[in-house]
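Here the structure comes first, spelled out in structure tokens, and everything after it is commentary.
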Amino acid sequence: MRNTIIERPSYMERLKAYTGADIIRVITGVRRCGKSSLLLMYRNWLEEQYGKDSILYINFDGPAFILDKSLNAMAEAIKSGITENTRFMLLDEVQLMEGWENIVNAYYSTGRYEMIITGSNAKMLSSELATLLTGRYTEIELFPLSFSEYAKFKDPETSDYEKLFDEYLFYGGFPIIALLDDSTQKINILQSISDSILFNDVRPKIGSNANNDILKRLVAFLNDSVGYPVSLNNLEHRIKSAGYKMYHDLISKHMDALMSSFLYYNAEFHTVKGGARFGQIDKYYPVDTGLVALTKGNMSENYGSLLENVVFLELKRRGYKISVGKNSSDSSEIDFVAIKGREKIYVQVTATLMDENTRKREFHALEMVKDNFPKSILSMDRHDFSRDGLRNMYLPDFLIRNTEGM
């Protein structure tokens, strides 16, 4: 029987490294990406190191808080659970509770407790907590499984990643999906995850103007547009053409809700030289490629876009700030300009370089960049097309390496 525990060693090491530090750890990420499981694994480690009585763990997404999410309910739950030996407070899905920032701040300010909290809202850190605790918290953003994590769990002995990669590309990396083998079950669970995010996380952020059908149409359009430029005007036109009344500010509110729920990420267009904003268009990438399968079932029609999506997410996992590059001289496009500190890499993604015209296009965009930072083309080719300092790499190998840079 296969192990049902999916280890997340890179995240665990980050949590362990902060143990003993005077800093709040805030674990964020999309619903069902494994935040609660990570927190429980960390709790188990803390118990081994410091004993069970040193830990207070509360899950605010549990049945005890279905009817009462008030400040008083949260305060009472913590007060009744604390003992004189409590050192660590592990508070799961804390953003569901009203006024949670004040309670976290109050207990943290005593200097007696180490606070580790989780939440499914990207705006947690732009809330009062950020104002109260400037410089005294660190965010650990959790994603669905990387391909490296997925492969190690599904078949740790394999070195032939092609079959596993196609499976990962189509069904994505939500941990619960990796535990399943039946394709129908996977699709049903993915639909359940998508609905849960849309109706429990996205809708409340939009408020009374939220419309289920419009949300689903927006998601279908964004999934259909992975790897292509999108503007708010495009989205507004798409919704209006379907017969719905919609205006610019409301579209913007819908998009903000989709991204603050970690369902989508955006990459802005910037000029390569100088990094100036290039127009008012972005590319949007879902947090997991499995969600694309729900609205775009034929993988062969979306293969290149899904590859681009996987690389975008991997660069995010590795801590890069990502934009889409435009060469000012000829407007040729570089899929990703990824920056972290003083490090910069340029990345092109394509299914194959076997076609000469494709090679010319992909290499040309990189050749137009006249600096010495690494430049790579990731493809599914086994043949190495590297030339003139521009590196071509088999895309699954890049993902499996799971290291910094290229």
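The values are calculated or read from the model by the stated rules, or taken from the named source; none is laboratory data. These numbers were taken from a predicted model, which means no experiment stands behind them. So basically every Cβ, Gly included, is an ideal-geometry build from the backbone, and we count neighbours across all protein chains shown.
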For the stretch 21-38, how many residues meet the condition of being under 14 Å from residue 141 (Cβ atoms) and either among the polar types (S, T, N, Q) or out of contact with any helix residue (DSSP H, G or I) (no Cβ under 8 Å at 6 or more places or on another chain) (or both)? 2
Here is a check on your reading of the model: is residue 85 in a helix (DSSP H, G or I) and not small (Gly, Ala, Ser)? no
Restricting to helices (runs of 4 or more DSSP H) lying wholly in the stretch 299-406: which have 2 or more residues that are touching a residue at least 40 places away in the same chain (Cβ under 8 Å) and over 20 Å from residue 283 (Cα atoms)? 395-401
Please work out which residue is modelled with the highest pLDDT, limiting yourself to the stretch 231-254 and to residues that are out of contact with any helix residue (DSSP H, G or I) (no Cβ under 7 Å at 6 or more places or on another chain) and either assigned to a helix (DSSP H, G or I) or within 22 Å of residue 305 (Cα to Cα) (or both). 231
Residues satisfying the stated conditions in the stretch 345-366, i.e. surrounded by fewer than 21 Cβ atoms within 10 Å (Cβ to Cβ), touching a strand residue (DSSP E or B) at 6+ places or on another chain (Cβ under 7 Å) and not aliphatic (A, V, I, L, M): 352, 363
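Quick test for you: out of 149, 93, pick the one residue that is crowded, with 21+ Cβ neighbours inside 10 Å, under 27 Å from the mean Cα position of the chain (by Cα) and not assigned by TED's automatic domain parsing to the domain that holds residue 23.
Numbers: 93 fails: not assigned by TED's automatic domain parsing to the domain that holds residue 23.
149 is the lone residue from the list that is crowded, with 21+ Cβ neighbours inside 10 Å, under 27 Å from the mean Cα position of the chain (by Cα) and not assigned by TED's automatic domain parsing to the domain that holds residue 23.
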Restricting attention to the stretch 100-119, which residues are within 13 Å of residue 88 (Cα to Cα), surrounded by 15 or more Cβ atoms within 10 Å (Cβ to Cβ) and of a type outside the set (Asp, Glu)? 104, 107, 108, 113, 115, 116, 117
